[in-house]
Amino acid sequence: MGTLMNKVAIITGSGSGIGRAAAILYAKEGAKVVVSDINEEHGRAVAEEIQREGGEAFFVKADTSKPEDNKNLVEQTVAKYGALHIAVNNAGIAGPLSNTADYPLDGWQKVIDINLSGVFYGLKYQIPALLKSGGGNIVNIASILGAVGTKFSPAYTAAKHGVVGLTKAAALEYADQKIRINSIGPGYIRTPMLTNTLDEATLNMAVSLHPIGRLGTAEEIAELILWLGSEKSSFVTGSYYSIDGGYLAQ
């Protein structure tokens, strides 16, 4: 029997990358997975892949930067499956690369809207549904840049630091109500968001930043998301877990 048998899970940004890997793994472990993404083609493909493999899933299109989309996502989930037990707030973008003084205002707003406000909107509507279901788990995907800074990504760094802080605040508020909320900090992971943003020379430079000598994979991150979403991590809340090939140990 899978570790998430009969649990209902929302995973945002699950049309590709880490979200896709988490959705597939959750389904293999018995969860009923609500695949959500702004890209309808990619999201539906993941839900169909899960169904072909014998899992249970359906797709809901959502732009996490919009409060009403987060509300609708939770409402559709509960209408379909009758409950919500796990939420993985994974949707995010890299944003422009620029010095802080030259950073485009629209780029700043978009990164904050999706990477930080989107997580808050998720929590706002997920938590009441979890309470009605008797409790559950939320996993927020932050970044190594939720713990340290880097040049040329002020919006992304600020947003991911915000996700870590938001996670801690919410975890304290609901710790005595059977809701656990944690965040994780992936290093550089070979996903479309990374490979579509960086050229090969920059990717090779990124490899050199990790003592383990390579980039991570989406499947490796999904294993941590699975653990935090399951009762195997039953004494864990308000925590930030780096999964980064040694990046933050330096």
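List of remarks:
- Taken over the range 1-11, the criterion of being modelled with pLDDT under 95 and either crowded, with 24+ Cβ neighbours inside 10 Å or touching a Gly at 6+ places or on another chain (Cβ under 6 Å) (or both) is satisfied by GLY2 alone.
- Evaluated against (1) part of a helix (DSSP H, G or I); (2) free of Cβ contacts under 8 Å to residues at least 40 places away in the same chain, MET1 falls short on exactly one condition, (1).
- Some residue of the range 188-200 being of a type in the set (Ser, Thr, Tyr), more than 22 Å from LYS7 (Cα to Cα) and touching a Phe, Trp or Tyr at 6+ places or on another chain (Cβ under 9 Å): yes
- In the range 192-243, the residues that are within 24 Å of ILE86 (Cα to Cα) and charged (D, E, K, R): GLU219, GLU220, GLU223, GLU231, LYS232
- Top-ranked residue of the range 114-157 - restricted to ones that are part of a loop (DSSP other than H, G, I, E, B) and under 12 Å from the mean Cα position of the chain (by Cα), ranked as surrounded by the fewest Cβ atoms within 10 Å (Cβ to Cβ): SER143
- Residues of the range 144-177 satisfying the condition of being more than 16 Å from ALA91 (Cα to Cα) and polar (S, T, N, Q): THR150, SER153, GLN177
- Helices (runs of 4 or more DSSP H) lying entirely in the range 182-241 (those with 2 or more residues that are among the charged types (D, E, K, R) and under 16 Å from ALA23 (Cα atoms)): 218-229
- Restricting LYS160, LYS168 to residues that are buried (at least 21 other Cβ atoms within 10 Å of the Cβ) and assigned to a helix (DSSP H, G or I) narrows the list to LYS160.
The values are calculated or read from the model by the stated rules, or taken from the named source; none is laboratory data. Predicted, not measured: the structure shown is a model, and the values here were computed from it. All Cβ positions, glycine included, derive from the backbone under ideal geometry; neighbour counts span all protein chains shown.
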